[in-house]
Amino acid sequence: MSCYLAILATISPGDEVVIPAPYWVSYPEMVKLAGGIPRFVVAEDTTGFKVTPEQLRAVLTPKTRMVVINSPSNPTGAVYTRAELEALVAICVKAGVWILSDEIYEHLVYDEQSTCSPATFSPEAARLTITVSGYAKTYSMTGWRLGTLVACKEVSAAVADLQSQTTSNATTFAQFGALAVHQHPDKAKASLAEMAVAFDRRRLKLLAGLNAIPGLTCYRSQGAFYLFPNIRKFGLSSADFAARLLEEELVAVVPGSAFGAEGYIRLSYATSDAIIEKGLERLARFCAKLG
Ligand SMILES: *Cc1c(COP(=O)(O)O)cnc(C)c1O
């Protein structure tokens, strides 16, 4: 919701919004609902699913009003380094376009990676950046729909107006959930740390399992709780691959095409070790059958 409000508050019909692909499924639809035009920049696993400054520069036009950055990423788990982000942010600042920084997975990073926020880079970047985050992924509050948005005064005021006339407020029980995080910061930190350790173990288990399957290759992503293996060797569309895997082996994955990235599937490791092992076994059997 924070993303949608940020887009509604800043985007007018005909404005272009740059969305790096693979992208979270909702961004293009949110842009279209606001009358904007999504412009995609595609990053493959060969570049770690990260767009380069050259790619970003090439897609900007006088009509560009916003660039979306989602690091760590859903669906790829890619995490931009500070230097990589600084290069992209510098281009946005020079062009004077809004930066929508979706940092909802900010606390779920591995391999000693760290995240950083474009809004902290410079006063100019702070003025142009709309930072959104939320409780869903960090505190297992998925579906409670409670997020945060930090932006300049004008944008925050517009967002507040939009919210008061639409959803009005966040649901009360979700607010109490978030309140608990702030009332018991030590407990919240400890449970987050415990969760991150479990996620990391599952990430490495799933990654090793995927890369052991002949024909599959998976980029070592460093954040969120997703892996995004490349399935091109099997010669099926990602939608066909996912449908057949579900029908024949009862394993649910999301086709890359949903994220603007044909040739990949998304797996979530926000599940138990036992289910990951079972899923891997079935996926391996399925891939062997495809040959
Ligand atoms: C889950 C998710 C959100 C939104 O989460 P809600 O709190 O359910 O609204 C936003 N951005 C990304 C990239 C996500 O994966």
Cα gyration tensor shape of region 93-164, rounded if a/c is under 1.5, else prolate or oblate by comparing a/b with b/c: oblate
Accessible-area value, M66, 1.4 Å probe, nucleic acids and ligands omitted, Å²: 0 Å²
Extended-chain gain in nm, criterion 0.36 nm per residue less alpha-carbon gap, S156 and R220: 19.4 nm
Approximate spin-label separation L250-E281, in nm, with each point projected 7 Å along Cα-to-Cβ: 1.2 nm
Förster radius 22 Å - calculated FRET efficiency between A180 and A270, Cβ distance, rounded to 0.05: 0.60
Share of carbon and sulfur in the accessible heavy-atom surface of the chain [1.4 Å probe, %]: 57 percent
Region 2-181: relative contact order in percent, alpha carbon pairs under 8 Å with at least 6 residues between: 19 percent
222 nm mean residue ellipticity, helices alone, for the chain (DSSP H n ≥ 4; -39,500 (n - 2.57); rounded to 500): -13500 deg cm²/dmol
Extension gain, K94 back to R127 (0.36 nm per residue minus Cα-Cα distance, nm): 10.6 nm
Probe 1.4 Å - accessible area at E154, Å² to nearest ten: 130 Å²
Residue-span extension gain [R232 to A198] - 0.36 nm each, minus C-alpha spacing: 9.3 nm
Per residue accessible area in Å² of region 169-291, where ligands, DNA and RNA are left out and the probe is 1.4 Å: 51 Å²
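The values are calculated or read from the model by the stated rules, or taken from the named source; none is laboratory data. Here the structure is a predicted model, which is why all the values come from computation and not from measurement. So basically every Cβ, Gly included, is an ideal-geometry build from the backbone, and we count neighbours across all protein chains shown. Just the protein is used for accessible areas: all its heavy atoms, side chains included, with ligands, DNA and RNA removed. Shrake-Rupley method; radii C 1.70, N 1.55, O 1.52, S 1.80 Å.
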